[in-house]
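Encoded as structure tokens, the structure appears first; notes follow it.
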Amino acid sequence: MALKNEDYSINTIIGPGTSVSGDIESGGFTRLDGNVLGDVKAKGRVVIGEKARMKSNVSGTFVTVGGVVCGNVIASERLIILGTGLVMGDIITRRIQADEGCLIHGKVRVCKTEEAWNKALAEHRDAAGFKESAGFKENRGYHEGALHG
């Protein structure tokens with residue numbers, strides 16, 4: 001059995017007290033502890049700290065949520081929602097761990113097979129494309145003030 005040699009160096013950090021308005025694309029491990037208004041797409045792990053407030057769709061390989069995410073979460077390998085975490089949106093992942101005390105408000109799809117994974121992603125993209133073509137803006141839950149609370 002071959003061991004995976006993962007790179008745990010952090011490529012992107014949004015620190016406490018920092019606010020970002022705009023989409024973020026990261027090539028690797030991303031740590032978010034501030035306020036983000038915009039989608040986050042990482043090619044590696046994403047850690048959302050307890051103080052983070054996000055009005056964002058989040059995607060990464062292994063996502064850990066300790067703060068507030070108002071938006072959808074797609075984790076291609078695994079999602080962990082800590083007891084301090086809140087997700088107000090839909091979730092698509094292959095494995096999930098939801099600690100006691102966390103809150104989830106949305107649909108959760110755990111895909112055990114590659115076929116189920118591809119189907120879930122296609123349906124998610126189709127629904128997002130339909131909303132966009134119909135002129136609906138993505139509603140990620142809370143009003144603007146929730147990011148600063």
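Applying the selection to the range 52-75, what residues are in contact (Cβ under 8 Å) with a residue 40 or more places away in the chain and not aliphatic (A, V, I, L, M)? Before you say what the answer is, go through the steps one by one.
Start the filter on the range 52-75 by keeping residues that are in contact (Cβ under 8 Å) with a residue 40 or more places away in the chain, which leaves 53-57, 68, 70-72, 74.
Correct list: R53, K55, S56, N57, C70, G71, N72.
Could you list, in sequence order, all residues of the range 54-94 that are under 19 Å from W117 (Cβ atoms) and touching a Leu at 6+ places or on another chain (Cβ under 7 Å)?
Correct list: V63, V73, I91, I92, T93.
Quick check on my filter: what residues within the range 1-26 are assigned to a loop (DSSP other than H, G, I, E, B) and either polar (S, T, N, Q) or at pLDDT 90 or above (or both)? Quick ask: steps written out before the conclusion?
Initial filter on the range 1-26 (assigned to a loop (DSSP other than H, G, I, E, B)): 1-9, 15-18, 22-23.
Result: N5, S9, G15, P16, G17, T18, G22, D23.
From the residues in the range 65-74 that are surrounded by fewer than 24 Cβ atoms within 10 Å (Cβ to Cβ) and either hydrophobic (A, V, I, L, M, F, W, C) or touching a Cys at 6+ places or on another chain (Cβ under 8 Å) (or both), which one is nearest to L32 (Cα to Cα)?
Checking each candidate, the answer is C70.
List the residue pairs whose Cβ atoms are under 8 Å apart, where the first residue sits in the range 39-51 and is within 12 Å of G67 (Cβ to Cβ), the second is among the aliphatic types (A, V, I, L, M) and not in a strand (DSSP E or B), and the two are 6 or more positions apart or on different chains.
Matching pairs, first to second residue: E50/L82.
Among the residues of the range 76-126, how many are of a type in the set (S, T, Y) and within 19 Å of K55 (Cβ to Cβ)? Walk me through how you get there before you give the answer.
The initial filter retains those residues of the range 76-126 that are of a type in the set (S, T, Y), namely 76, 84, 93, 113.
From the residues that got through so far, the ones that are within 19 Å of K55 (Cβ to Cβ) too are 84.
Qualifying residue count, the range 76-126: 1.
Right, R31: crowded, with 18+ Cβ neighbours inside 10 Å and either touching a helix residue (DSSP H, G or I) at 6+ places or on another chain (Cβ under 6 Å) or assigned to a strand (DSSP E or B) (or both) or not? Let's see the steps before the verdict.
Numbers: crowded, with 18+ Cβ neighbours inside 10 Å: yes; either touching a helix residue (DSSP H, G or I) at 6+ places or on another chain (Cβ under 6 Å) or assigned to a strand (DSSP E or B) (or both): yes.
Considered against the rule, which asks whether it is crowded, with 18+ Cβ neighbours inside 10 Å and either touching a helix residue (DSSP H, G or I) at 6+ places or on another chain (Cβ under 6 Å) or assigned to a strand (DSSP E or B) (or both), R31 comes out as yes.
Okay, residues lined up against (1) touching a helix residue (DSSP H, G or I) at 6+ places or on another chain (Cβ under 8 Å); (2) in a loop (DSSP other than H, G, I, E, B); (3) crowded, with 20+ Cβ neighbours inside 10 Å:
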{"site": "K41", "(1), (2), (3)": "no, no, no"}
{"site": "K51", "(1), (2), (3)": "no, yes, no"}
{"site": "G60", "(1), (2), (3)": "no, no, yes"}
{"site": "V63", "(1), (2), (3)": "no, no, yes"}
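Which numbered condition in (1) surrounded by fewer than 22 Cβ atoms within 10 Å (Cβ to Cβ); (2) within 17 Å of R125 (Cα to Cα); (3) touching an Asp or Glu at 6+ places or on another chain (Cβ under 6 Å) is the only one that S56 fails?
S56 satisfies all of (1) surrounded by fewer than 22 Cβ atoms within 10 Å (Cβ to Cβ); (2) within 17 Å of R125 (Cα to Cα); (3) touching an Asp or Glu at 6+ places or on another chain (Cβ under 6 Å) except (1).
The values are calculated or read from the model by the stated rules, or taken from the named source; none is laboratory data. This is a predicted model, so every value here is computed, not measured. When we count neighbours, we look across all protein chains shown, and the Cβ atoms used for this are built from the backbone with ideal geometry, even at glycine.
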